[in-house]
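Take a look at the structure below.
The values are calculated or read from the model by the stated rules, or taken from the named source; none is laboratory data. Note that the coordinates shown come from a computational prediction; the quantities given were computed from them, not determined experimentally. Cβ placement follows ideal geometry from the backbone for every residue including glycine, while neighbour counts extend to all protein chains displayed. To get the accessible areas, we keep the full protein, side chains included, count just its heavy atoms, and leave off ligands, DNA and RNA. Shrake-Rupley method; radii C 1.70, N 1.55, O 1.52, S 1.80 Å.
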Amino acid sequence: MTSVQDSTAPTPRREDILSQTTILLFSVTLGMATVVVPLVATAAGYQLGAVGFLVGVSAITQIIARAGMGALMDRFSTRTFVLVALILLASSCVILGVTDELWAFVASQLLQGAARAYFFTGMQTHVIRASRPAVSALAIMNVTNGVGLLIGPLLAGIIGASSLSFALFIAAGIAGPGVLSCAFLIRYEPFAKPRTETAEKAVPMWRRDGVTTAGWMGATAGGWRGILNSYLPVLLTEAGHSIPVVGAMMTLANLAALAGSAVARPVRRTGVRLSAVLGAALAVGGVALMAFMTPHLVLAGAFLFISGVGAGILQTLGPALATEAVGLEERGRAIASVGTFRAISLLVTPMGIGALIFLVPSAAVATAIVAVAVGIPAMATRDGTRRKP
């Protein structure tokens, strides 16, 4: 548990094993929760429109947590955020596993939102402080995260077919070993505060060239994830598919996001604008078409896969582009800003769908409308990213 400054040597093999193990265990737990929570809501008798609001509650604490992380990173190590995230995520699963009362949903989702914020911002910042280029470090993280999100939904589908509550307890148990592996990660020192206040640094982080572009990319990826976490399981079960099929479809979506992360680096070479347009078009176009095809499993799966590739590109390039646009001491704040865009989208997307359900003919139409709306800013963005030493 050594405390070090940012590494300039190759990442130690031990650190790689510990960090990827931590990411994997967190992601398996999260993958299970994202499948089970909407199904628990519908099983408990909540109306279709209410599901989006219940799931969207998690984004409230995401927004609050991410907004404050920039300053907190000047005081606490990234490892601390990851450790707290694992504990919060396990607690959220246990609470909802015990009871499906409204207060339990709200408490569980608020804890899950904070866990997501602390984990992804903390771990993304942690891995880019080693010697690898930011895109490569984040791509490796996203691959491991993607593997966890492949395993989690499948486990949730298999176990949840017998008992949704038991699936949540198993998810919480999986997060436990992650606490242990996290405790032995390198403890990078908190970021040093900038000593001088330049005109550029006086501009809010989220308005910086490059960071704004990355933020809209993150928002589109967040909207895609928000749909998966809320209405995808509901749309599939409403179309007559079983819980194991729902888990398999979630796994397919995450497999596609994994493929998107794998091709993010070559896509980056086409330029920021084209990367953003391509990723956003695939993500929102694919998920919008998928919403109408849920009765036809093969077609729904094909469009879901297309959307996942786009989301994988966006969620890998967004944080990487943000770190390229700022100085070394501001990388944590830049990633937190991109995460705030994502968190707001995670709130707005399911709640927007939930509200539209009462105004449009079906949940599929509402999903498609909101998906396209979320992707427009990323497709209209300009190439403002510039590299800094």
Give the angle, between 0 and 90 degrees and rounded to the nearest 10, that separates the Cα long axis of helix 211-238 from the longest principal axis of the Cα atoms of the chain.
-> 20 degrees
Over the range 169-317, give the accessible area per residue in Å² for a 1.4 Å probe, as an integer.
-> 37 Å²
In square angstrom, rounded to the nearest 10, how much accessible surface does Arg14 have for a 1.4 Å probe?
-> 130 Å²
Just the Kirkwood number for the range 293-389, please: inverse of mean 1/r across all distinct Cα pairs, in Å, one decimal.
-> 15.6 Å
Thr42 versus Ala71, label points 7 Å from Cα toward the beta carbon: distance in nm?
-> 4.2 nm
Between the range 81-107 and the range 219-272, what's the alpha-carbon centroid distance in Å?
-> 23 Å
Computed FRET value (nearest 0.05) for Val106 with Phe358, which takes r as the C-beta separation and R₀ as 22 Å | 0.55
Directionally averaged shadow of the range 234-331, computed from the convex hull of its alpha-carbon atoms, nm² | 7.0 nm²
Dividing the helical contributions, -39500 (n - 2.57) per DSSP H run of n ≥ 4, by the residues of the chain yields a 222 nm value, nearest 500 deg cm²/dmol, of -26500 deg cm²/dmol
Could you state how much accessible area Asp209 has, in square angstrom rounded to the nearest 10, with a 1.4 Å probe and all protein chains kept in place?
-> 70 Å²
Compute the length gained on full extension between Ala373 and Ala161: take 0.36 nm times their separation in residues and subtract their Cα-Cα distance, giving the result in nm to one decimal.
-> 72.9 nm
